[in-house]
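Notes to accompany the following structure.
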Amino acid sequence: MNYGAAAIVAICIIVLVMGALKKKAQIVFGFLARMAIGGIGIYFCNLFLAKQHISVSVGLNPASLLTVGTLGISGFALLYGILIYQNL
């Protein structure tokens, strides 16, 4: 009788751990996807601004990718906003 209860508890714990790992994997995947798309966006935005002879370009470095990965599109706008403000 005790083995059956222990097996049920063990299965419940395994299901809870699997659910927690799935949630963490979604968070990590979302961060990496935002970081990759943000890096591509920064590259093409820098390219576009250079063709327009506008001297604002965000560097592709770990700090900018971390900002875009964490904040998403608002981080992208923040990086360019800071550079525009510095050039005023």
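Worth pointing out:
- Selection count where residues are more than 12 Å from the chain's Cα centre (by Cα) and surrounded by 14 or more Cβ atoms within 10 Å (Cβ to Cβ), scope the stretch 26-59: 8
- Taking each residue of the stretch 26-48 that is in contact (Cβ under 8 Å) with a residue 60 or more places away in the chain and looking for partners that are of a type in the set (A, V, I, L, M) with beta-carbon atoms closer than 8 Å, six or more apart or interchain, yields nothing.
Here's the yes/no breakdown for (1) closer than 21 Å to residue 76 by Cβ; (2) not β-branched (Val, Ile, Thr):
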site	(1), (2)
4	no, yes
11	no, no
20	no, yes
25	no, yes
31	yes, yes
42	yes, no
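- Among the residues of the stretch 48-71, those identified as assigned to a helix (DSSP H, G or I), farther than 17 Å from residue 28 by Cα and not small (Gly, Ala, Ser) are 48, 49, 51.
Read the figures in this text as sums done on the coordinates, not as results from a lab. Predicted, not measured: the structure shown is a model, and the values here were computed from it. Please note: Cβ atoms are built from the backbone with ideal geometry, for glycine as well, and neighbour counts cover all protein chains shown.
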